1. With respect to A:Ile139, determine if the residue is closer than 21 Å to A:Pro37 by Cα, touching a helix residue (DSSP H, G or I) at 6+ places or on another chain (Cβ under 9 Å) and either more than 14 Å from chain B (Cβ to nearest Cβ) or in contact (Cβ under 8 Å) with a residue 60 or more places away in the chain (or both).
2. Provide a single number: the residues in the range B:100-132 that are of a type in the set (Gly, Ala, Ser), touching a Phe, Trp or Tyr at 6+ places or on another chain (Cβ under 9 Å) and open to solvent by 10 Å² or more (accessible area, probe 1.4 Å).
3. Going through the range B:198-251 one residue at a time, which ones are crowded, with 24+ Cβ neighbours inside 10 Å and assigned to a loop (DSSP other than H, G, I, E, B)?
4. Looking at the range A:81-123, which of the residues that are surrounded by 15 or more Cβ atoms within 10 Å (Cβ to Cβ) and of a type in the set (Val, Ile, Thr) is nearest to the chain's Cα centre (by Cα)?
5. Taking strands (runs of 3 or more DSSP E) that fall entirely within the range A:216-320, which contain at least 3 residues that are over 26 Å from A:Phe436 (Cβ atoms)?
6. Tell me yes or no: at least one residue of the range B:209-221 is more than 30 Å from B:Asp279 (Cα to Cα) and touching a Pro at 6+ places or on another chain (Cβ under 7 Å).
7. Would you tally the residues in the range A:159-192 being surrounded by fewer than 20 Cβ atoms within 10 Å (Cβ to Cβ), within 14 Å of chain B (Cβ to nearest Cβ) and either assigned to a helix (DSSP H, G or I) or free of Cβ contacts under 8 Å to residues at least 24 places away in the same chain (or both)?
8. Looking at (1) within 14 Å of chain A (Cβ to nearest Cβ); (2) out of contact with any Cys (no Cβ under 9 Å at 6 or more places or on another chain), can you tell me which one B:Thr338 breaks?
Amino acid sequence: MPKCIIDGREVEFTPGKNIIEVAKEVGISIPFFCYHPGLSVVAQCRMCAVEIEKMPKLQTACSTVPTEGMVIKTKSDRVLQAQKATMEFLLINHPLDCPICDKAGECDLQDNSFGFGDAYSRYTEERRTYMDLDMGPVIKKNMNRCIHCTRCIRFGDEIAGIREMVAVQRGNNTEITTSDGRALETDYAGNYADICPTGSLTLHDFRFKKRVWFLTKTATVCEGCSRGCNIDLHHDAGVIQRCTPRENLAINKYWICDEGRFNFHYVNDESRITDPVLVEAGHLNSVEWASGLDQARKLMAGKKALVLLGSDLTQEEGKLLKEFFPKHLPNAQVFHFGTPGVSDSKSDADADKILKRKSKTANLHGMESLGFKPFEKAPAGCEVALVIRGGRAVVPALNGLRAIGIGVFQKEHAKDFSVILPGASFAEKDGTVVNFAGHEQKVARAITPPGQSKLLPEVLMMWINQKAVGAA
Amino acid sequence: MQNQNETLFIQHFNEKARPLDYYLKQMSGYSAAKKALGMSVDDIISEVKKSNLRGRGGAGFPTGVKWGFIPKQSAKPKYLVCNADESEPGTFKDRDIMRYTPHLLIEGMVIGAYAIGAHVGYIYIRGEYTREAKLLQQAIDEAYENGYLGKNILGSGFNFDLTVHRGAGAYICGEETGLLNSLEGKRGEPRVKPPFPAQAGAFGGPTIVNNVETLAAIPFIVNKGGDWFAKLGKLEKSGGTRLFGVSGHVKKPGLYELPAGGVTLRQLIYDHCHGILDDRKLKAVIPGGSSAPVLTADEIDVVVDIEPMMKIGTMLGSAGVMVVHEGTCVVRLLKRITKFYAHESCGQCTPCREGCRWMEDILHRIEDGHGREQDLNLLLEVADNINGKTLCALGDAAAGPVTSFVKKFRADFEAHIRGGKCPNA
């Protein structure tokens, strides 16, 4: 591999990678705003200026690729002065009110200002101001905080496939906005907030809900479709506050769709059933686990059962159930279910040109690989149904069968069930899911199951171990 | 005084010269194109290299060398683009070429296109030049009718289509990549270089962008040879004649055509332009369009050409010379210049977007009587933080005047700040 010299260190590099990336690999970080590895390079913010021997002017590290023997300085006096100057320029019109800005704590502008800027401002002229804009249900814009990096414009253009963010006016009056001030149309809009290096574009869903430094991040996998996008769940005190994409170049690059991003809301939703309940004449009566289980077993006793397993369950849960049924419910007819119209992996396909898949559960391909068959309709003679699901699989019509549910259910599900035993959502358990391309990925437990909810192995253990009441 | 007959351009600068008929009879029109279409591409480029023709738009890059950058083979179509945006304040030479001798430009473009292997050309013309755009179009129509444009030009088998594209009034579209973006229908914002237009320009194809005066010189070079053209110039590296647009406080402002490197600024102002208006004292000269760093009255014994000007810290640029006499408020002048660049900044890169307006605001304050002692150093530092650190040359264009005015006329600025008003007022 060819070599260049960065800050006096000999560094091997892959030809074609820019200086920012090459330097990053050896732990030298060059500050930047407009550069984003997933977007085209525009060299507009000028923050990444570096000194290169034999070149009279400073060069932007984002738009320059090293060549053999190139001598690059990222911390020379000229570079430090240029960084200081760029920070000053970016801040003269930026409000200096970090304490009331929702981006504080994870703001590139704040971080780079602290790292490379001056503590004092020499600016005494009037600051430029703009009107705020509500860009639809997902994003709120505060243009005063914008530093014109144009990442959002490029994201729309190059990733979301829709040129909805534009620059209007020019020079100092340039405004970054949606065309004609319309609401955003893309269903990947949440990414605009992620890539915005300042508090200019924020999520309606998250802004001013929680200071980011109180949040704990758990790296996990989205359960929204069979893509299995890598995500971080941000939570505090057992409550998930937001979900952001986590880089995985093989699967989702740097992005997630809005459906996946906002999917977590059911986890802490009030309508989630978190106690064992018996449903009687439409009323939900919370009971102890023991009575819930008793009632469930009583209903199942000696009957031919239809068992439906959500393809939102993990591989581990699937394997456990595969062993469980022949032993403990030998009469059961077991199928998997998930997305209406997408019963098996053959009918799963890309749902758009970006990330979304047709299967709206994460583990369709995994459940299939365990040998479970897709559910089409209940075989003749079934007298009772047992539905085990996470939070995503859509419960099919049970045609009046008395039903028992184990897993994540909302109050609206209750009318179709006699007993519901609360289980864990994807955010509350560890496990593995297999995406459409066969990638096995780890789902990680971010929070504890709420209320009386229990993990599936525990539920099954109780089912087996409690004194059987007319067991099959 | 120059002999008008020796000029390439100016002797033809009148309404009579415009029709094709005049061009054919009086200027041996399209004979160069005929000759060139029978020459090898390498021979043409080598003649242009020999001619020492340097870009007349402002950067002064050798035209033949630029043409040589175009790859011979290209998967994408190549383009020849004429930069007729002429938006640098103080510059008004291309306008006369286009309105009086449009066929000279068209012929130059036919030859240039042939030399680089382009079959499509564009003349990107300044939006305000509505009349010139119309006249150019008429000339292009004439050329099409007579077989000088279109298919099989002059029976050579070479095809070339030429389109006039009007700008929408942005200085930044005179920057060649800003121009190309605008031509493509995008925002007129300069692109990151590399890639340079010769590699990937208009619509991604290899593209040469040349100034009007540059292309209009090509027929002379082809007809009379590169050596002949080179000898018209009086300096080693600069061939041909140059059009100087002189404006401001001189007795005879206007367009002058003189041998490249053939006169000093003093000769231009005092001999050719008959001296300063009302015989007042000279205060300052902006020698190459408003972006050129200003010169004081003591600095005008300099040959008006690329290297000599560079040596004393300014530039020849587009050779738009603006003369300023005593009694003019330089603070106000600089504020006006800076306002122009702040207004014309495209806004994509940080130093130019933020810095130009900041400088304008400070200057506005000083002129308004609210200047502070520290403002002058602040101005110099802001200019220095812009200079050389922007994505395109507009930042340098804005910083150069500020740095030079404040350094060279510091006393005037200080008097403004201390007195709270213009001492001349």
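The values are calculated or read from the model by the stated rules, or taken from the named source; none is laboratory data. Remember, predicted model here, so these are calculated numbers, not experimental data. Positions of Cβ are generated from backbone atoms using ideal geometry, with glycine treated the same way; all protein chains shown enter the neighbour counts. Ligands, DNA and RNA are excluded from the accessible area calculation, which covers all protein heavy atoms including side chains. Shrake-Rupley method; radii C 1.70, N 1.55, O 1.52, S 1.80 Å.
1. Working: closer than 21 Å to A:Pro37 by Cα: no; touching a helix residue (DSSP H, G or I) at 6+ places or on another chain (Cβ under 9 Å): yes; either more than 14 Å from chain B (Cβ to nearest Cβ) or in contact (Cβ under 8 Å) with a residue 60 or more places away in the chain (or both): yes.
When the stated conditions are applied, A:Ile139 does not pass them.
2. 0
3. Correct list: B:Gly201, B:Pro206, B:Gly239, B:Gly240.
4. Ranking the candidates gives A:Thr86 first.
5. Working: elements: A:216-221, A:230-236, A:239-245, A:277-280, A:283-286, A:305-310.
Ranges flagged: A:230-236, A:277-280, A:283-286.
6. Taking the range B:209-221 first, the residues more than 30 Å from B:Asp279 (Cα to Cα) are B:209-221.
Adding the requirement that they be touching a Pro at 6+ places or on another chain (Cβ under 7 Å) leaves B:209.
Yes.
7. Result for the range A:159-192: 7.
8. (2)
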